[in-house]
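Read the structure below first, then the notes.
The values are calculated or read from the model by the stated rules, or taken from the named source; none is laboratory data. Here the structure is a predicted model, which means the values were calculated and not measured. Cβ atoms come from the backbone with ideal geometry, glycine included; neighbour counts cover every protein chain shown.
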């Protein structure tokens, strides 16, 4: 598989469950990149994009639930960033469906840049708060979220 984005330790937020979910998002971006590079059908690229969107929704719900449980003071702002991303993605998907743009590198680079910037800037802030509030950074068993997409 062609590597579009690699997991590097700098992307770790220090909470294993969240890191595992971020790795799945990266794997889906790499799968979409491979489909585009190999000029697979539009349907295949759309299928991968839809998996990415569905997984992102679940991931965001997990993050937001943890933020509410842990009393994270920046919850509303973080949730707003998730909503803005999903709106942008849905707008792009709508353009793809109308045929006005193709699933291509513009969408991928947007997702890659957003994901890395969001993890490095915003997610690391809540992770530090969670760890300081007593959340355990390591999983006791394998991630059920990762298993959903294997």
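Considering only the stretch 91-100, I want to know if a residue exists there that is surrounded by 14 or more Cβ atoms within 10 Å (Cβ to Cβ), within 23 Å of residue 121 (Cα to Cα) and in contact with a helix residue (DSSP H, G or I) (Cβ under 8 Å, 6 or more places away or on another chain). No; the residues of the stretch 91-100 include none that is surrounded by 14 or more Cβ atoms within 10 Å (Cβ to Cβ), within 23 Å of residue 121 (Cα to Cα) and in contact with a helix residue (DSSP H, G or I) (Cβ under 8 Å, 6 or more places away or on another chain).
Which residues, taken from the stretch 4-22, are surrounded by 11 or more Cβ atoms within 10 Å (Cβ to Cβ) and without any contact (Cβ under 8 Å) to a residue 40 or more places away in the chain? Outline the logic, then answer.
Going residue by residue through the stretch 4-22, those that are surrounded by 11 or more Cβ atoms within 10 Å (Cβ to Cβ) are 4-5, 7, 11-22.
Answer for the stretch 4-22, where residues must be surrounded by 11 or more Cβ atoms within 10 Å (Cβ to Cβ) and without any contact (Cβ under 8 Å) to a residue 40 or more places away in the chain: 7, 12, 19.
Considering each of 77, 106 in turn, give the residue that is within 19 Å of residue 56 (Cα to Cα), modelled with pLDDT of 85 or more and out of contact with any helix residue (DSSP H, G or I) (no Cβ under 8 Å at 6 or more places or on another chain). Unique residue meeting the criteria: 77.
Here's the yes/no breakdown for (1) at pLDDT 85 or above; (2) within 16 Å of the chain's Cα centre (by Cα); (3) under 23 Å from residue 71 (Cα atoms):
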| position | (1), (2), (3) |
| --- | --- |
| 100 | no, no, no |
| 110 | no, yes, no |
| 115 | yes, yes, no |
| 149 | no, yes, no |
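Among the residues of the stretch 74-84, are any out of contact with any strand residue (DSSP E or B) (no Cβ under 9 Å at 6 or more places or on another chain), outside any helix (DSSP H, G or I) and surrounded by fewer than 16 Cβ atoms within 10 Å (Cβ to Cβ)? There is at least one residue in the stretch 74-84 that is out of contact with any strand residue (DSSP E or B) (no Cβ under 9 Å at 6 or more places or on another chain), outside any helix (DSSP H, G or I) and surrounded by fewer than 16 Cβ atoms within 10 Å (Cβ to Cβ).
Can we say residue 25 is in contact (Cβ under 8 Å) with a residue 60 or more places away in the chain, closer than 30 Å to residue 134 by Cβ, surrounded by 14 or more Cβ atoms within 10 Å (Cβ to Cβ) and more than 11 Å from the chain's Cα centre (by Cα)?
On the way: in contact (Cβ under 8 Å) with a residue 60 or more places away in the chain: yes; closer than 30 Å to residue 134 by Cβ: yes; surrounded by 14 or more Cβ atoms within 10 Å (Cβ to Cβ): yes; more than 11 Å from the chain's Cα centre (by Cα): no.
The answer is no for residue 25.
Within the set 63, 128, the sole residue that is surrounded by fewer than 14 Cβ atoms within 10 Å (Cβ to Cβ) and either within 24 Å of residue 7 (Cα to Cα) or in contact (Cβ under 8 Å) with a residue 40 or more places away in the chain (or both) turns out to be 128. Applying the criterion of being surrounded by 17 or more Cβ atoms within 10 Å (Cβ to Cβ), within 17 Å of residue 87 (Cβ to Cβ) and modelled with pLDDT under 90 to the residues of the stretch 47-60, the residue that is nearest to the chain's Cα centre (by Cα) is 52.
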